[in-house]
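These notes concern the structure reproduced below.
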Amino acid sequence: MSGSLAGGPLGSGDLLSLRASGPPRSGRRYDRSAFRSTLVAFGSTIVFFGLIGWVVVHAPNWPEVQRSFLDGAVWAQSVPDIVPAFLVNVQLFCIAEVLILVLALVLAVLRSLPGPVLFPLRLLATVYADVFRAVPGVLIIYLLGFGIPGLQIAGIPTDPFVYAVIALTLVYSAYVSEVYRAGIQSVHPSQEAAARSLGLTQFQALRYVVLPQAVRRVIPPLLNDFIGLQKDTVLVSYIGVIEIFRQSQIDQQAAFNYTPYLVTALVFLVITIPLARLVDVMIARDRRRFLAGTR
Amino acid sequence: MSRTTGSRGVGTTAGPSGQAPAGSGNGQARALRVEGVWKSFGATPVLRGIDLELAEHDVVCLIGASGSGKSTLLRCINLLEPLDSGRVFLEGEEITAPTADVNRVRRRIGIVFQSFNLFPHMSVLANVTLAPCKVLGMSQREAGERAVGLLDRFGLADKRDDFPDRLSGGQQQRVAIVRALAMEPDLLLLDEITSALDPELVAEVLNVIRELARGGMTMLIATHEMGFARDIATRVCFLDAGVILEQGPAAEIFSRPREARTQQFLQRIVEAGRL
């Protein structure tokens, strides 16, 4: 039965029928069909992207676009400018991330506190999360970056970098606190009950039992937000921080060529993709334990 | 029976560490007294006036159909659920008083849950030492020694560094018992601790409880294991629709139940081959 299906050019039917039909297969037969499906996947990938490439390259204005975005000379010129400028972004997102992780955790814990007495704290944290998720981040950056120094209070910093860090921290803490909160809520109430029944206080139960589990579960979404933060560091170019995007604008304007933007895009790819893979590895590693532990 | 060291029994004048006179109260120190406890979840009444007393070293089994209020009663005694009305006394001290320190009360009452509720992010040893370290203020070493002693006693010495997901259900439940014992509670509450176990793992857990009973641990046990209840209980209470309908020595309840509801319940248990 399955043999007749296996011969087709897109032989994935073979794998499907292998699962569906009754008698067990020998290892060699399975290896052969696995090899075939790898081959097919490889082939279809080449065909798919080849087709896209062909369409792009044969577009009417391709030579012009090629000159504007893929100029080798501009590339060589802009890389030494742009890569060091990225260090500013690295500083931005590293400092901001630490502050975000702390502030967001405080906000999430505040929102998780029970009892009517603590209502004002819950309200505060809720309003915070609502406001900073509602207003576009770039506006927060503008308002802080131009507004606060504009007050001309003696002694307050004038470096836009400082306001960039503050603005990113404020905006991302609102999102990250929701991630933490989801994590806290995902820990089954029986865990807290077990902790409290041993005489741990509410705070101890949170600190030693609920939060460690909550945080571990939300590491992948936290890293996702971290990736988002890395990319959003380019927004602070609007208040005068010379970071990678601003630098690539400068180079673009100097050369009348868009290649620097492509360089910038590649820098972000290089830094972000390993992080995305790390997220996958972590999910796979933690999944088993937490599925087993919280029946 | 009435070795009442440490008892603050009602009506006794003995100090915390003094020997209470043997004739105090009904002749035995009351480890636990539950008075007129009512509890509803929303509009559903679950406990409708529960009165119950346990002397020290008593092993009392709560039997009854699912939903009869056994688990809720245990959770109320542990103050995990607030009472609607009624009072609970632990060694003569009202623990439901508004001034009672909930955290101090819970140190003295251990509870083991049907679903184990081990902390999945901690090793067995860390599960057992957490509360002694953080609540009793013991050093890691001191708590570790106590934990290892207990784990050893219940055949879990080689599991101390494993995480809960590496253990069988029976092992997990024994660790949960050890975790409760590490606080050296005055009273142990067991909430259907074998209900989530595969049949072949039930015995290893019940044997732990038998050993604890022999050691004089005061226990209140909600259970569906009727054979076990008959063996171990100094008294059996039949809960029905939120009241203790009938209670007495195990032999009496199981062989000559007075109430029609008790007879029906036991009849169904026998028909299911569980007694």
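The values are calculated or read from the model by the stated rules, or taken from the named source; none is laboratory data. None of the values given here were measured: they were computed from a predicted structure. Every residue, glycine as well, gets a Cβ built from its backbone with ideal geometry; the counts of neighbours run over all protein chains shown. Surface areas here come from the heavy atoms of the whole protein model, side chains and all, with no ligands, DNA or RNA. Shrake-Rupley method; radii C 1.70, N 1.55, O 1.52, S 1.80 Å.
Miscellaneous remarks
- Subset of region B:74-103 [more than 8 Å from every other protein chain (Cβ to nearest Cβ), in contact (Cβ under 8 Å) with a residue 60 or more places away in the chain and not in a helix (DSSP H, G or I)]: B:89, B:90, B:91, B:92, B:93
- For region B:242-275, the set of residues classified as among the β-branched types (Val, Ile, Thr) and open to solvent by 60 Å² or more (accessible area, probe 1.4 Å) consists of B:270 only.
- Sub-8 Å Cβ pairs linking a first residue in region A:201-214 that is free of Cβ contacts under 8 Å to residues at least 12 places away in the same chain to a second residue that is surrounded by 19 or more Cβ atoms within 10 Å (Cβ to Cβ) and of a type in the set (D, E, K, R), at least 6 apart or interchain, are A:204/B:134, ordered by first then second residue.
- Test set (1) free of Cβ contacts under 8 Å to residues at least 40 places away in the same chain; (2) more than 13 Å from every other protein chain (Cβ to nearest Cβ); (3) under 18 Å from residue A:198 (Cβ atoms) - residue B:106 fails condition number: (2)
- Residue check for residue A:236: closer than 27 Å to residue A:129 by Cα and more than 20 Å from the chain's Cα centre (by Cα): no
- Qualifying residue in region A:72-93 (condition: closer than 19 Å to residue A:231 by Cβ and open to solvent by 80 Å² or more (accessible area, probe 1.4 Å)): yes
- Counting the residues of region B:109-128 that are touching a residue at least 24 places away in the same chain (Cβ under 8 Å), part of a helix (DSSP H, G or I) and either on the phi > 0 side of the Ramachandran plot or within 11 Å of chain A (Cβ to nearest Cβ) (or both) gives 2.
- The combined condition, being within 14 Å of chain A (Cβ to nearest Cβ), crowded, with 19+ Cβ neighbours inside 10 Å and not in a strand (DSSP E or B), is fulfilled by residue B:131.
- Considering region A:217-246, the residues that are open to solvent by 30 Å² or more (accessible area, probe 1.4 Å) and of a type in the set (Asp, Glu) include one that is farthest from residue A:90 (Cα to Cα), namely A:225.
- When we screen A:262, A:266 for residues that are out of contact with any Ser or Thr (no Cβ under 8 Å at 6 or more places or on another chain), part of a helix (DSSP H, G or I), open to solvent by 50 Å² or more (accessible area, probe 1.4 Å) and without any contact (Cβ under 8 Å) to a residue 60 or more places away in the chain, the only hit is A:266.
- Test: residue A:44 is open to solvent by less than 90 Å² (accessible area, probe 1.4 Å) and over 23 Å from residue A:266 (Cβ atoms): yes
- For region B:224-241, the set of residues classified as surrounded by 23 or more Cβ atoms within 10 Å (Cβ to Cβ) and among the β-branched types (Val, Ile, Thr) consists of B:236 only.
- Residues that are farther than 30 Å from residue B:224 by Cβ and of a type outside the set (Gly, Ala, Ser), drawn from region B:84-114: B:93, B:94, B:98, B:99, B:101, B:103, B:104
- Checking each residue in region B:172-189 for being open to solvent by 40 Å² or more (accessible area, probe 1.4 Å) and out of contact with any Asp or Glu (no Cβ under 8 Å at 6 or more places or on another chain) picks out only B:184.
- The residues of region B:198-212 that are closer than 14 Å to residue B:59 by Cα and open to solvent by less than 20 Å² (accessible area, probe 1.4 Å), listed by number, are B:206, B:208, B:209, B:212.
- Comparison of A:198, A:170 shows that the only residue that is modelled with pLDDT of 95 or more and within 30 Å of residue B:180 (Cβ to Cβ) is A:198.
- Residues (surrounded by 15 or more Cβ atoms within 10 Å (Cβ to Cβ) and in contact (Cβ under 8 Å) with a residue 60 or more places away in the chain) located in region A:104-141: A:104, A:105, A:107, A:108, A:109, A:111, A:112, A:137, A:138, A:141
So that you can scan it fast, the table gives a plain yes or no per residue for (1) over 15 Å from the mean Cα position of the chain (by Cα); (2) within 13 Å of chain B (Cβ to nearest Cβ); (3) in a loop (DSSP other than H, G, I, E, B):
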site	(1), (2), (3)
A:181	yes, no, no
A:192	yes, yes, no
A:203	yes, yes, no
A:210	yes, yes, no
A:220	no, no, no
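- Selection status of residue A:214, within 14 Å of another protein chain (Cβ to nearest Cβ), open to solvent by less than 20 Å² (accessible area, probe 1.4 Å) and touching a Lys or Arg at 6+ places or on another chain (Cβ under 6 Å): no
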